[in-house]
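Remarks on the structure that follows.
Computed from the coordinates by the stated procedures, all read-outs in this text should not be read as laboratory data. No experiment lies behind these values; they were computed from the predicted model shown. No Cβ is skipped: glycine too gets one built from the backbone with ideal geometry, and neighbour counts run over all protein chains shown.
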Amino acid sequence: MVKIEVETDEALILFELLTSDRLKNVIDAVETVVLANTLAALERELVEPFREDYTALVADARKSVLSRYGE
């Protein structure tokens, strides 16, 4: 098993990507399984997606990541 630690803002952005339809036409069945497992792991850890201000949290996370790493 490999454990990966990411900042909460990065996890929120990854969660948002994995719950969107943006990847459905560019990944195959095996990749779908792997990403579904990744999403399940994020769902076990994150409480933010269930908050009323989730959209604002994702927007703030995007700003934070851009500020930290640049464009």
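Below is a table of values for the structure above.
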| read-out | value |
| --- | --- |
| Test item: Cα-centred dipole of the range 8-69, Lys/Arg +1 and Asp/Glu -1 on Cβ, debye | 160 debye |
| Using alpha-carbon coordinates, inclination of helix 54-69 to the longest axis of the chain, degrees | 80 degrees |
| Cβ-based net charge around SER67, under 13 Å, with every Lys or Arg adding one and every Asp or Glu removing one | -2 |
| Helical mean residue ellipticity (222 nm; -39500 (n - 2.57) per DSSP H run of 4+; nearest 500) of the chain | -20500 deg cm²/dmol |
| Helix 29-45 vs. the chain, principal-axis angle (Cα, 0 to 90°, nearest 10) | 40 degrees |
| Proximal charge balance of LYS24 [Cβ under 15 Å; K/R count +1, D/E count -1] | -3 |
| Reported label for calculated P(r) over Cα pairs in 10 Å bins from 0, in percent given [x] 14, 21, 21, 18, 19, 7, 0; [y] 18, 47, 32, 3; [z] 21, 59, 19, 1 | [y] |
| Trypsin sites (Lys or Arg not before Pro), loop per DSSP, at most 15 other Cβ atoms within 10 Å - longest free stretch of the chain | 25-50 |
